[in-house]
Amino acid sequence: MKQNKYFEVEVKVGNDTRKVAFAKGINREVNLANVKKLYAEMKVKGYRKAEIIQVIRAEEAIANGDIVLIDINGNEINKEDANGYYLIIDGQHRVYAVSMLNFEQEKQRQPTFQVPSILVELAEKESVAEYISAVNITKTPWKTDDYVRGAANVKQEELLARYKELIKSEDNPNGFPLSTLNIIYCNNPKAMNKTSLSLLCQGKDEKGRGKVKKPIIPAHNIERGDHFIELCKAKGFSDKDISKRYLSERFSDLFNEGGEDKAFEIFSRITPNDCQAMHNDKGNLIEEKVIEQFKLIEDRIA
């Protein structure tokens with residue numbers, strides 16, 4: 001099925017029916033594979049009325065001025081039009097599946113479906129971003145790449161943008177795990193985790209309690225990290241190789257022992273034979289072989 005854009009969806013709370021809206025940079029990015037699964041079920045069974053989603057009145061969501069509303073096709077919604085929309089808090093994949101279903105229903109001149117919803121009441125001083133993040137932690141857990149994309153959309157930081165570009169996901173199966181990115185850019189495999197990324201998704205800048213707080217975004221060096229990746233590729237290593245921690249851990253050890261110049265100097269001396277020697281007969285990078293070969297490289301240039 002091909003669509004140039006998504007079909008408008010209406011959600012219903014009691015007797016009130018409105019169009020759907022999303023919070024730009026806060027709602028989870030849509031996983032099309034999940035949408036297609038839900039759509040396939042709905043094609044057979046229709047939309048079950050018991051499968052409600054969570055919403056908040058859009059005009060209430062933007063009252064503090066910290067939320068930008070977009071429609072189902074990503075177009076920004078004017079503040080004066082907000083009272084015609086419900087902001088989706090939980091259930092956006094179901095909404096997109098209904099959009100696909102309604103597109104087919106319309107083509108076949110069949111009745112379209114409205115999505116039954118329930119209004120969410122935020123706790124005192126609780127933001128929309130906080131609630132969405134909490135829902136996805138406690139009810140429908142996000143994957144690591146969801147947190148990375150969410151944090152990158154909310155904070156607009158260069159480090160997060162780089163993580164978003166490189167993180168391993170269904171759309172980027174050759175990407176890097178979070179721990180590898182942490183080593184490459186922050187020289188620390190635990191520099192950021194799901195908890196810290198969740199706080200960033202909520203718009204927070206610091207973590208900790210009381211007076212003991214520190215920035216969530218860790219110390220990092222994007223130029224050094226990019227140079228490391230480029231050098232590894234130039235020496236014949238694939239994205240699959242670099243995504244493993246063996247090379248980045250070795251670089252980190254060299255960096256900690258003798259500084260950036262020493263680490264890059266040794267990596268620059270990798271030959272095609274060295275690269276081949278770090279792999280097994282099936283072409284897989286092997287940790288023990290990496291460690292052994294780097295010892296030989298260091299001895300060779302000593």
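Take the chain, compute every pairwise Cα distance, and split them into 10 Å bins from 0; I just need the percent in each bin.
Result returned by the calculation: 6, 23, 25, 19, 14, 9, 3, 0.
Provide the FRET efficiency to the nearest 0.05 for the Asn15-Glu126 pair, computing r from the beta carbons and using R0 = 30 Å. Working shown, then result.
Working: r = 27 Å, r/R0 = 0.90.
In this case the efficiency is close to 0.65.
Which whole-number percent gives the relative contact order of the chain, counting Cα pairs below 8 Å spaced six or more residues apart? Can you show the working numbers first?
On the way: 407 pairs, mean separation 45.1, N = 302.
Computed value for the chain: 15 percent relative contact order.
Once phi is turned into θ = phi - 60°, what whole-Hz ³J(HN,Hα) does the Karplus curve with 6.51, -1.76 and 1.60 give for every residue of region 89-104, x standing for Gly and Pro?
Those phi angles translate into 9, 9, x, 5, 5, 5, 5, 5, 5, 5, 4, 5, 5, 5, 4, 5 Hz.
Whole-Hz ³J(HN,Hα) for each residue in region 80-86, computed from phi via Karplus 6.51 cos²θ - 1.76 cosθ + 1.60 with θ = phi - 60°, x for glycine and proline: what do you get?
Those phi angles translate into 5, 9, 4, 6, x, 10, 10 Hz.
For the chain, what is the calculated [θ] at 222 nm in deg cm²/dmol (nearest 500), taking -39500 (n - 2.57) for each run of four or more DSSP H residues and dividing by its residue count? Each step should come with its number before you reach the end.
Details: 14 runs with 145 residues, N = 302.
After summing the helix terms and dividing by residue count, I get -14500 deg cm²/dmol.
Determine the alpha carbon to alpha carbon distance for each of Lys244/Lys282; Lys45/Lys143; Lys155/Lys233; Lys36/Lys155; Lys155/Lys214 and list only those over 24 Å.
Numbers: Lys244/Lys282 16 Å; Lys45/Lys143 28 Å; Lys155/Lys233 30 Å; Lys36/Lys155 29 Å; Lys155/Lys214 16 Å.
Checking Cα-Cα distances, Lys45/Lys143; Lys155/Lys233; Lys36/Lys155 exceed 24 Å.
For the chain, take the longest principal axis of its alpha carbons; what is the angle in degrees between that and the long axis of helix 287-301, to the nearest 10 within 0 to 90?
Tilt of helix 287-301: around 40 degrees.
Using the charge dipole of region 101-226 (Lys, Arg: +1 at Cβ; Asp, Glu: -1 at Cβ; taken about the Cα centre), state which of Leu159, Ser196, Ser169 has its Cα farthest towards the positive end.
Going by the charge dipole, the pick is Ser196.
Which angle between 0 and 90 degrees, to the nearest 10, do you get for helix 128-138 versus the longest principal axis of the chain when only C-alpha atoms count?
Once rounded, one gets 70 degrees.
No value in this document is a laboratory result; all are computed from the given coordinates. This structure is a prediction, so every number in the text was calculated from the model and none was measured. Ideal geometry is used to build each Cβ from the backbone, glycine not excepted, and the neighbour counts take in all protein chains shown.
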